[in-house]
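Notes follow once the structure below has been shown.
The values are calculated or read from the model by the stated rules, or taken from the named source; none is laboratory data. Predicted model, so just to flag it, every value in this text is computed and none were measured. Because the Cβ atoms are built from the backbone with ideal geometry, glycine has one as well, and the counts that use them run over all protein chains shown. Just the protein is used for accessible areas: all its heavy atoms, side chains included, with ligands, DNA and RNA removed. Shrake-Rupley method; radii C 1.70, N 1.55, O 1.52, S 1.80 Å.
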Amino acid sequence: MDLRKRGIKSNGYYQIFDGTGQNPCEPTMVYCDMTSEPCMIWTLVESWTKGNRTLRAFQRDVYSVDSPVNYDAPNWYAYRMTRYQMNRLKERSTHWRATCSFPKLDVDYRDYVRGNFRDFDIMTFIGNDQCKKVDYVNIRGHKSSNTKVVFWQTLG
């Protein structure tokens, strides 16, 4: 949001100074999506391709586990922030989202879910078959707003 306040309006990779790097005085590289949704700015926390889906960080580790992958070089193929970086970002955030194929499709709202931390903290959730409130969900064309969705996430 600080970048937007300074007039930056383009999606891209940016260096930010927020104390999340190994040295708090060093900048951290992040990817920011500033254009896909009105009044929202998103920071990439995790991304992987099908070929990397079996890496433990993507297949088994929940967000409460520190399991970074290329944490200092955001990319679409194999990337996950450190737990510390995620927590620092969460301190400044109100919402989270998950979507597929962003670099190719931008946000097409298909295979997409958006929630807010107040109603459902996806970063700390552990459980099976629990209904949690989300702002919007669209799974293969089946969509709903302000609804509950079943989530499951267990420690690997």
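Quick notes on this structure:
- Selection over the stretch 54-68 of residues that are modelled with pLDDT of 90 or more and either among the β-branched types (Val, Ile, Thr) or more than 23 Å from His95 (Cβ to Cβ) (or both) gives a count of 5.
- Matching residues in the stretch 134-154 - criterion: being closer than 27 Å to Tyr84 by Cβ and either modelled with pLDDT of 90 or more or of a type in the set (A, V, I, L, M, F, W, C) (or both): Val134, Asp135, Phe151, Trp152
- Selection count, the stretch 25-84, where residues are part of a loop (DSSP other than H, G, I, E, B) and touching a Cys at 6+ places or on another chain (Cβ under 7 Å): 1
- Residues in the stretch 108-142 that are β-branched (Val, Ile, Thr) and either assigned to a loop (DSSP other than H, G, I, E, B) or loosely packed, with under 15 Cβ neighbours inside 10 Å (or both): Ile122, Thr124, Ile126, Ile139.
- Matching residues, the stretch 70-97, being more than 15 Å from Ile16 (Cβ to Cβ) and charged (D, E, K, R): Arg80, Arg83, Arg97
- Contact annotation: residue pairs with Cβ atoms under 6 Å, 6 or more positions apart or on different chains, pairing a residue in the stretch 80-103 that is modelled with pLDDT under 85 with a partner that is of a type in the set (Asp, Glu), are Cys100/Asp111.
- Scanning the stretch 41-56 for residues that are under 14 Å from the mean Cα position of the chain (by Cα) and open to solvent by less than 50 Å² (accessible area, probe 1.4 Å) returns Ile41, Trp42, Thr43, Leu44, Val45, Glu46, Ser47.
- Taken together, Val65, Val69, Val113 contain a single residue that is touching a strand residue (DSSP E or B) at 6+ places or on another chain (Cβ under 8 Å), of a type in the set (A, V, I, L, M) and touching a residue at least 24 places away in the same chain (Cβ under 8 Å), which is Val113.
- Residue among Pro74, Pro68, Pro27, Pro38 that is open to solvent by less than 20 Å² (accessible area, probe 1.4 Å) and either more than 13 Å from the chain's Cα centre (by Cα) or over 26 Å from Thr154 (Cβ atoms) (or both): Pro74
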